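The values are calculated or read from the model by the stated rules, or taken from the named source; none is laboratory data. On a predicted model such as this, the values are computed, not experimentally measured, just so you know. Every residue, glycine among them, receives a Cβ derived from its backbone with ideal geometry; neighbour counts consider all protein chains shown.
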Amino acid sequence: MGAAVHILSWICLLGGACFLLVGAIGVLRLPDFYTRLHAVSVSDTMGAGLVLAGLMLQGGLSMVTVKLVLIFYFMIFTGPTATHALAEAALQAKLKPVVDDREP
Amino acid sequence: MHDVMHGVLGLYNYWIVIILMMTGFYTVIARPNLVKKIIGLFIFQTSVFILFISMAKIEGGTAPIISEGARIYSNPLVKALASTPIRYPTS
Amino acid sequence: MEEHLINNVLLGLLMMTGFAIVRMRSLLAVTMLTSIYSLLSASLFVVLDAVDVALTEAAIGAGISTILMLATVALTTDEEKAPRHKPLLPLFVVVATGAALIYGTLDMPHYGDPMAPIHLHVAPTYLHVTPEEIGVPNVVTSVLASFRGYDTLGEVTVIFTAGAGVLALLGYRTRRRNSQNPEIRKMVVLRVITKLFFPLILLFALYVQFHGDYGPGGGFQAGVIFATGFILYALAYGLGNVQRIIPYRTLRIMMVAGVLIYIGVGIESMLLGGKFLEYRILADDPVTGQHLGIMLIELGVGITVAAVILIIYYGFVSRQHQEPPEDT
């Protein structure tokens with residue numbers, strides 16, 4: 001039981017780390033603001049979510065897990081809201097996305 | 001060789017603190033922009049806190065909140081000292 | 001071992017952020033980097049066992065400072081001018097000072113050494129005495145609020161003076177109508193989520209305020225979080241709506257009231273026959289008295305801090321919307 005939970009939690013943590021890495025690479029490599037925002041949201045929801053899930057498995061049934069659930073709840077609300085507000089602000093500031101307009 | 005590694009790791013915190021301190025100092029004296037100068041002071045100030053708190057850390061200690069199961073606590077006095085000036089930059 | 005690794009990586013990141021801050025020209029980007037720098041140092045403080053300092057740094061440095069800095073940048077220019085000549089002299093001064101300081105560290109006790117002189121003298125006494133005399137688990141709170149209560153009184157007075165100074169410099173202009181940025185009005189998601197989280201932030205502030213004896217936290221952090229909640233509300237719904245909740249006049253009274261509560265506790269203990277700020281007089285049982293005193297002065301600190309931060313914010317924002325932005 002103990003070992004299985006441990007392994008599962010490590011899988012979650014490493015998976016979360018992978019998503020965070022993908023998000024970071026995306027921010028560096030993608031061409032314009034909107035696509036970068038998209039990359040950030042990957043690391044925001046999946047990355048942080050999986051890391052929190054892994055930590056909850058480590059914490060077991062305790063006060064720590066309750067706090068982590070609260071943090072998770074906070075993150076799934078604020079992350080997308082911030083991303084949405086940023087995109088909306090960029091749109092209103094008339095920031096044009098980069099479009100591939102070559103002929104196919 | 002082992003001794004050198006040990007010495008470098010033991011003093012690493014202080015060296016980074018000095019680099020940060022000098023970064024802040026440089027920003028204050030070399031940049032004419034006032035906002036930049038204030039940010040330089042901010043970097044300097046944070047580096048001083050890191051210096052204090054690095055000195056307060058004890059290997060294997062925990063935060064100085066008395067609880068069962070904890071034996072060694074890191075130095076609380078330094079933390080109190082550091083959290084008093086941290087509040088001034090508000091102004 | 002893992003702790004060492006995290007510590008070293010965080011310090012490396014801090015150093016890189018510091019260099020980026022010096023090199024960048026856009027003040028907006030520099031402000032955001034400063035926020036990141038602050039958050040990194042808060043994480044570092046957690047690794048180094050200074051949870052109270054970390055909470056303060058996260059709330060002040062990453063939160064309030066960034067907002068105030070953005071307000072300043074919005075009032076002035078966004079771009080730093082390029083320096084006219086190569087800064088050779090400052091560079092030389094900095095390198096020389098740095099080299100001297102590094103030479104000075106060679107004799108210092110190593111990081112984490114339990115036998116360093118700093119751990120042998122006053123600190124063990126505080127750790128030893130706190131559970132018996134104060135009865136508060138968080139030793140940092142007991143040092144700040146009880147053993148060194150005079151210092152904290154001085155600090156509250158400094159914050160109060162800062163608020164008064166900003167008040168005198170920036171002033172405050174009442175505005176007839178709610179001139180909120182019309183574009184934010186359209187952001188329905190932001191406004192709904194803000195409404196959802198506003199009470200939760202205030203609840204968390206109260207938790208930090210009254211749980212400060214048992215865990216990391218206290219009046220200062222709570223005041224900052226409290227003010228942050230209102231600032232978030234102001235960002236989403238406009239300053240006018242926030243002023244319907246906390247009018248400017250109330251804030252001025254709160255700013256003074258916090259300091260007066262603090263001093264009042266001191267005078268009350270003198271009237272009961274003790275010394276200034278001697279809390280154990282306040283109740284029959286010395287430990288209960290300490291609890292009561294610490295709770296009251298933390299409340300005073302919290303009220304003053306929240307009021308001062310909101311006053312500074314009101315001052316900046318009321319100035320910002322009044323003047324039409326100059327064309328750049």
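I need a count of the residues in region A:81-104 that are among the β-branched types (Val, Ile, Thr) and more than 16 Å from C:Val188 (Cα to Cα). Result for region A:81-104: 2. Being closer than 30 Å to C:Pro137 by Cα and modelled with pLDDT under 90: is that true of C:Asp78 here? Criteria not met by C:Asp78. Close contacts from region B:1-19, counting a first residue that is farther than 12 Å from C:Leu106 by Cα and more than 7 Å from chain C (Cβ to nearest Cβ) and a second that is crowded, with 16+ Cβ neighbours inside 10 Å and not β-branched (Val, Ile, Thr), with Cβ to Cβ under 6 Å and a gap of 6+ residues or different chains, come to B:Val17/B:Ser47; B:Val17/B:Leu51. The residues on offer are C:Met15, C:Met69, and the sole one that is at the interface with chain B (Cβ under 9 Å from one of its Cβ atoms) and over 22 Å from the mean Cα position of the chain (by Cα) is C:Met15.
The single condition from (1) surrounded by 17 or more Cβ atoms within 10 Å (Cβ to Cβ); (2) under 30 Å from C:Ile134 (Cα atoms) that C:Phe197 fails is (2). Can you tell me which residue in region B:32-52 is surrounded by the most Cβ atoms within 10 Å (Cβ to Cβ), limited to those that are touching a Gly at 6+ places or on another chain (Cβ under 9 Å) and within 7 Å of chain C (Cβ to nearest Cβ)? Ranking the qualifying residues of region B:32-52, first place goes to B:Thr46. Scanning region B:11-65 for residues that are hydroxyl-bearing (Ser, Thr, Tyr) and either under 13 Å from the mean Cα position of the chain (by Cα) or over 27 Å from C:Val136 (Cβ atoms) (or both) turns up B:Tyr12, B:Tyr14, B:Thr23, B:Tyr26, B:Thr27, B:Thr46, B:Ser47, B:Ser54.
Listed by position, the helices (runs of 4 or more DSSP H) contained in region C:80-170 that have at least 3 residues being of a type outside the set (Val, Ile, Thr) are C:88-105, C:122-133, C:149-170. Might you let me know whether region A:49-62 holds any residue that is out of contact with any helix residue (DSSP H, G or I) (no Cβ under 9 Å at 6 or more places or on another chain), more than 14 Å from chain C (Cβ to nearest Cβ) and without any contact (Cβ under 8 Å) to a residue 60 or more places away in the chain? The answer is yes; a qualifying residue exists. Among the residues of region C:237-244, is there at least one that is surrounded by fewer than 17 Cβ atoms within 10 Å (Cβ to Cβ) and within 30 Å of C:Glu133 (Cα to Cα)? The answer is no; no qualifying residue exists.
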